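Worksheet: one structure, shown below.
The values are calculated or read from the model by the stated rules, or taken from the named source; none is laboratory data. The shown structure was predicted, so the numbers you read here are calculated from the model rather than taken from an experiment. Don't worry about glycine lacking a Cβ; one is built from the backbone with ideal geometry, like all the others, and counts go over all protein chains shown. Side chains are part of the model used for accessible areas, which takes the heavy atoms of the whole protein and leaves out ligands, DNA and RNA. Shrake-Rupley method; radii C 1.70, N 1.55, O 1.52, S 1.80 Å.
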Amino acid sequence: MARNGLLRLYRQGLSEPHQHRRREGMDRMASGYDFDRLTADDVVARLGAMSIERMIAESEAMTLAAHGALATYSRKVFIPLTRLCRDVCHYCTFATTPRQAGAAYLSREQVLAIARAGEAAGCREALFTLGDRPEDRYAAARDALAATGHASTLAYLRDMAQAVLDETGLLPHLNPGLMDTDDYAALRPVSASMGIMLESASDRLCEPGGPHFGSPDKLPAARLAAIEAAGRAGIPFTTGLLIGIGETRRERIEALLAIRDLHARYGHVQEVIIQNFRAKPGTRMADHVEPSLEEHLWTIAAARLLLGPDMTIQAPPNLHDRAELTALLRAGVNDWGGVSPVTPDHVNPEAPWPHLAVLAQATAEAGRTLIERLAIGPAHARSVDRWADPALAPRIRRMVDGRGLPKSDGWSAGEGGAVPGIGLDAAPRARPGTAAILAKAASGATLDERDIVALFRAEDGDLSAIAATADELRRTTVGDAVTYVVNRNINYTNICLYKCGFCAFSKGSTKAERGPAYRLDLDEVGRRAAEAVERGATEVCLQGGIHPAFDGHTYLDIVRAVRTAAPSVHIHAFSPLEVTHGAQTLGLPLEDYLARLKAAGLSTLPGTAAEILDPEIRAILCPDKLGADEWIEVMRTAHGVGLRSTATIMFGHVDGYEHWARHLLRVRALQTETGGFTEFVPLPFVHMEAPIWRKGKARSGPSYREAVLMHAVARIVLHPVIANIQVSWVKMGTDGARAVLDAGANDLGGVLMDESITRSAGGRNGQCFDRTEMIALAAGAGRPARQRTTLYQPIGHEPIPSLEPFA
């Protein structure tokens, strides 16, 4: 097909049937074009039977099914540590001679100057590119290394990467050429990722007259051995093909199959670059014909079909005209690689980087959203303990969101302040896959895990469409009133036997680890309840640590003390953990113990201690706490004895979108069974003082985008079985709570009076939010405020005294 014909096809987009096949692309490939077990001969035959249009259609379907509408890039600086090299590739202008190079290596000061300029420009990656072991060829390199006290280029590279880590916030990515297991072990502590281009698996290209003749480091067996050694060393690794240097299509297929097999064995390949050869003046291949656009598209599509939907396929955006970038994306590209606002592409200096705004626009024209990534790819960043050195893992973990992409909005739950713009005001423009999911949910159907994960990945028009859908479901379900309850928190002890990694409230057994330990006596609990009623509260919320002296009688006594001191108040008390502890210490079945609590005066249960209802996450976050099944069973039993409850999710720590989806589905399933939940309350992780974060074992809470989406997606997933979605002003702050009122939430929770748990974790949004503030917040969203009971019955609007925090 002619070049103009291809461009016209991909500017117009795929045909409508292909648009609708995007979400099921992986299933179609598995049933019709499964390449996993095919030999090179089989693949050649299979691809030869497919038109390029069909290859690209299938490739795009796979790409969108696995990666959604995102196209990633890394904002980087290019640090050419040395341009000396022992190889003589016939197309390369990067490598040079000592006479032309001047200084053999960049100095430490030069390296840091480039890195700091990149950091100032918002870069996150320092890409070290250098020739392969130049000291083996040039005395100038050996002399320069000796002058700095280094035995090798790799040793110097290690120190320069360490300097960048120590002096800036950039993550190094290293491309030093061939390395063995010992080399990778030495460099792993100072790099987030490494790479080497396979380029080709053809020995023929290394023969006399070939582009790799005289370059021992380009022997395919040596490069494949280096890629395999990286896998054994646990290195997130970038590799790829250079097409158009004389190889055949079959030889490209052989190279892709070799990469596929190594990745299947080790899981370390984070991206595969399909780079098109560009002829450069002054090289032996200056007159070599460059590959056509069709040839590049064919190879990209072949790479996707062979490597599978989950692999990141990259093409450099500066090696094509802007008009051709849409075609690359539709052929299977989902990453543009590193783009620098500071430094040129030293390997392809004739091809400047596109301006990021231009790249974003070109990406949008293909129906994709350009989004930044780190030097370590998102899939490997999500499993950072496996793929990063222990010294680097905390740094990477604290930088990313639940996708493994940079958490770049500067917002943290509990910190207060202005909220970042995430496009909520943009016109809702759901892509076909998102629109289908939203329509399914609006009908009341249960979404599956894949659907929900796709919603959590949303950006731009999809995000605003999700928020708008959630808001409409809110309006049709509960109307426009923003409800709240006047309550007081009574946390009767902060001494706890459990060691939940997220909890900064607990003080351990009796130690004062983060402030004084305390235990309120029953008289004080009763006094605080009576005082709350005097000041207009209709509810007291009672929770605390699992004190070593507490048993089931303790909780019964607490309820009786409150009921005696404040006969009319609604007692909302005891998480499933406390209920379980009480029942076990008295040797009672849950049903019997809950019935006793109810008889003593307990009205409802808070849905805390849920965290994430997934065993994988609980094993990390709260391994000694009750399990997900036990939490569900407590709530099922409570609902069975006539005690209603709330449900919560605490998210943004060591979890992923799939865990959020499973949590929501478990809550929906139980609500469908019992109808006992009054509301669902998302609680974004407040990280600042959380022990697990301080140890570097958790992310820095959810991004603002994720926090807003949690409320919106919860409304959508739980429709119509849970009517009320609450936003925590303590966690989200005033501006965040106001925004979420337009994204599915209808309730602001309680005035709290004495909030202490979030405050212990570093929260700064206050301990009390009185009726006047509730009304003002709702008015800011254009909605009326209404006081309610714990069970969502309306309450008259007589004046309520000003609610200052109690001493």
Residue within the stretch 353-362 that is open to solvent by less than 40 Å² (accessible area, probe 1.4 Å), out of contact with any strand residue (DSSP E or B) (no Cβ under 8 Å at 6 or more places or on another chain), farther than 29 Å from His268 by Cα and of a type in the set (A, V, I, L, M) present: yes
Restricting attention to the stretch 113-136, and to residues there that are surrounded by fewer than 19 Cβ atoms within 10 Å (Cβ to Cβ) and not charged (D, E, K, R), which single residue is nearest to Ser74 (Cα to Cα)? Gly122
The stretch 314-345 - residue that is aliphatic (A, V, I, L, M) and in a loop (DSSP other than H, G, I, E, B) and, of those, modelled with the lowest pLDDT: Val342
If you check every pair at least six apart or on different chains, which have Cβ atoms under 8 Å apart with a residue in the stretch 394-408 that is among the β-branched types (Val, Ile, Thr) first and a residue that is open to solvent by 20 Å² or more (accessible area, probe 1.4 Å) and outside any strand (DSSP E or B) second? Val400/Pro378; Val400/Arg382; Val400/Lys407
State whether one or more residues within the stretch 655-664 are hydroxyl-bearing (Ser, Thr, Tyr), farther than 30 Å from Glu449 by Cα and crowded, with 21+ Cβ neighbours inside 10 Å. no
Any residue in the stretch 60-88 that is under 30 Å from Arg142 (Cα atoms) and outside any strand (DSSP E or B) sitting within a Cβ distance under 9 Å of a residue that is open to solvent by less than 10 Å² (accessible area, probe 1.4 Å) and among the hydroxyl-bearing types (Ser, Thr, Tyr)? List the pairs, counting only those 6 or more apart or interchain. Cys85/Ser215; Arg86/Ser215; Asp87/Ser215; Val88/Ser215
Residues that are open to solvent by 20 Å² or more (accessible area, probe 1.4 Å) and among the β-branched types (Val, Ile, Thr): does the stretch 250-263 have at least one? no
Spot the failing condition for Gly627; the list is (1) under 18 Å from Phe456 (Cβ atoms); (2) touching a Pro at 6+ places or on another chain (Cβ under 8 Å); (3) surrounded by fewer than 23 Cβ atoms within 10 Å (Cβ to Cβ), and only one is missed. (1)
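Looking at the stretch 685-744 only, could you name the residues that are charged (D, E, K, R), open to solvent by 20 Å² or more (accessible area, probe 1.4 Å) and out of contact with any strand residue (DSSP E or B) (no Cβ under 6 Å at 6 or more places or on another chain)? Quick ask: steps written out before the conclusion?
To start, the set of residues in the stretch 685-744 that are charged (D, E, K, R) comprises 689, 694-695, 697, 699, 705-706, 715, 731, 735, 738, 742.
With the extra rule that they be open to solvent by 20 Å² or more (accessible area, probe 1.4 Å), the set shrinks to 689, 694-695, 697, 731, 735, 738, 742.
Matches in the stretch 685-744: Glu689, Arg694, Lys695, Lys697, Asp735, Arg738, Asp742.
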Before we move on, is Gly402 crowded, with 23+ Cβ neighbours inside 10 Å, farther than 20 Å from Pro189 by Cα and under 11 Å from the mean Cα position of the chain (by Cα)? yes
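Which one of Glu365, Glu372, Glu415 is farther than 27 Å from His659 by Cβ, among the acidic types (Asp, Glu) and open to solvent by 20 Å² or more (accessible area, probe 1.4 Å)? If you could, list the steps in order and put the result at the bottom.
Values: Glu372 fails: farther than 27 Å from His659 by Cβ; Glu415 fails: farther than 27 Å from His659 by Cβ.
None of the others qualify; the one that does is Glu365.
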Can you go through Leu602, Leu556, Leu594, Leu520 and tell me which one is farther than 30 Å from Pro794 by Cα, within 43 Å of the chain's Cα centre (by Cα) and open to solvent by less than 50 Å² (accessible area, probe 1.4 Å)? Leu520
Residues of the stretch 261-312 that turn out to be more than 18 Å from Glu251 (Cα to Cα), more than 31 Å from the chain's Cα centre (by Cα) and modelled with pLDDT of 95 or more, as a count: 1
Checked Ala439, Ala388, Ala445 against criteria (among the aliphatic types (A, V, I, L, M), open to solvent by 50 Å² or more (accessible area, probe 1.4 Å) and either under 24 Å from Glu616 (Cβ atoms) or out of contact with any strand residue (DSSP E or B) (no Cβ under 8 Å at 6 or more places or on another chain) (or both)); the one match is Ala439
Counted residues in the stretch 37-59 being at pLDDT below 95, assigned to a helix (DSSP H, G or I) and of a type outside the set (A, V, I, L, M) come to 4
Only residues that are open to solvent by less than 40 Å² (accessible area, probe 1.4 Å), assigned to a loop (DSSP other than H, G, I, E, B), farther than 17 Å from Phe128 by Cα and not polar (S, T, N, Q): list them for the stretch 185-232, please. Leu198, Ala201, Gly210, Pro211, His212
Are any residues in the stretch 590-606 within 18 Å of Gly676 (Cβ to Cβ) and in contact with a helix residue (DSSP H, G or I) (Cβ under 7 Å, 6 or more places away or on another chain), and if so, which ones? Leu590, Glu591, Tyr593, Leu594, Leu597, Leu602, Leu605
Which of the helices (runs of 4 or more DSSP H) found entirely inside the stretch 92-183 contain at least 3 residues meeting this: within 30 Å of Ile396 (Cβ to Cβ)? 108-120, 153-167
Would you please list the contacts, defined by Cβ atoms under 8 Å and residues six or more apart or on different chains, that run from a residue in the stretch 654-672 that is more than 17 Å from Gly627 (Cα to Cα) to a residue that is of a type in the set (S, T, N, Q) and surrounded by fewer than 23 Cβ atoms within 10 Å (Cβ to Cβ)? Arg668/Thr446
The stretch 137-173, residues that are over 34 Å from the mean Cα position of the chain (by Cα) and open to solvent by less than 10 Å² (accessible area, probe 1.4 Å): Ala141, Leu145, Thr153
Does Arg99 satisfy being open to solvent by 40 Å² or more (accessible area, probe 1.4 Å), of a type in the set (Lys, Arg) and either touching a helix residue (DSSP H, G or I) at 6+ places or on another chain (Cβ under 8 Å) or closer than 29 Å to Ala357 by Cβ (or both)? no
Assess whether Glu295 counts as being in contact (Cβ under 8 Å) with a residue 24 or more places away in the chain and closer than 30 Å to Ala323 by Cβ. yes
